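A quick write-up on the structure given underneath.
Readers should treat all values here as calculations from the given coordinates under stated rules, not as data from a laboratory. Just so it is clear, the structure is predicted and the values come from calculations on it, not from any experiment. Glycine gets a Cβ as well: all are built from the backbone with ideal geometry, and neighbour counts include every protein chain shown.
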Amino acid sequence: MKGNKTQKTQESIALFLSSIEDERKRQDSYSVLELMRKVTKTEPHLWGTSIIGFGEYHYTYASGREGDWFLTGFSPRKQALTLYLMCDLKYDRLNFDGLGKYKIGKGCLYIKRLSDIDLTVLEKLIVDSIQIIKKKYS
């Protein structure tokens, strides 16, 4: 079975983040980097060319597809800061109350700027999503 296109690399996260032209997005990225480092107690890796991931787990879907992925991560995309919470799990077990302005997609939380959200609520969301992943895949 074919593996994930996006793989963990040894590329420099500092170099990647320093290349972000938008000052606010760069500063928000450093803030999320430190928050995720604090929550996971792990050092990040660049996955592919633009995702910063923390921790790692092996998954197997009902379809038989399997691979390795990070527990939590983010990418400073052009439209929004994209946080990766859970790949294949439903959000019904996460509480977004009080987070602020955001959008969600399949496995992703989109935030325009960190000043739009409550960082305490975000930290709890990250912690909760990691616990759900660990419970499901351990």
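Couple of notes before you dig in:
- About its Cα centre, the dipole of the stretch 1-82 is roughly 180 debye, where the only charges are +1 on Lys and Arg Cβ and -1 on Asp and Glu Cβ.
- Segment D128-R93, extension gain: residue separation times 0.36 nm, minus the distance between their alpha carbons: 11.8 nm
- About the centre of its Cα atoms, the chain shows a dipole size close to 320 debye [charges on the beta carbon of Lys, Arg (+1) and Asp, Glu (-1) only; nearest 20 debye].
- Each Cα pair of the stretch 90-138 feeds into the Kirkwood radius, which the Stokes-Einstein equation turns, at 25 °C and 0.890 mPa s, into a diffusion coefficient of 214 µm²/s.
- The label point for A14 and the one for K101, both projected 7 Å from the Cα toward the Cβ, are 3.4 nm apart.
- Separation of the alpha carbons by more than 25 angstrom is noted, of K25/K134; K106/K135; K25/K124; K8/K106; K41/K134, for K25/K134.
- Between Y137 and R24, the modelled label-to-label distance comes to 3.3 nm, taking each label 7 Å out from Cα in the direction of the beta carbon.
- Debye equation applied to the C-alpha atoms of the chain, log10 I(q)/I(0) at 0.10, 0.20 Å⁻¹: -0.31, -1.29
- Computed on the stretch 13-137, with alpha-carbon pairs under 8 angstrom and 6+ residues apart, the relative contact order is 21 percent.
- Listed residues I132, S18, G73: farthest to the positive end of the dipole of the stretch 13-137 (Cβ charges): I132
- Qualifying lysines (Cα of each under 17 Å from Cα of K5; at least 8 residues distant if same chain): none
- Only one residue of Q27, A62, H45 has its Cα farthest out toward the positive end of the dipole of the chain, where Lys and Arg carry +1 and Asp and Glu -1 on Cβ, and that residue is A62.
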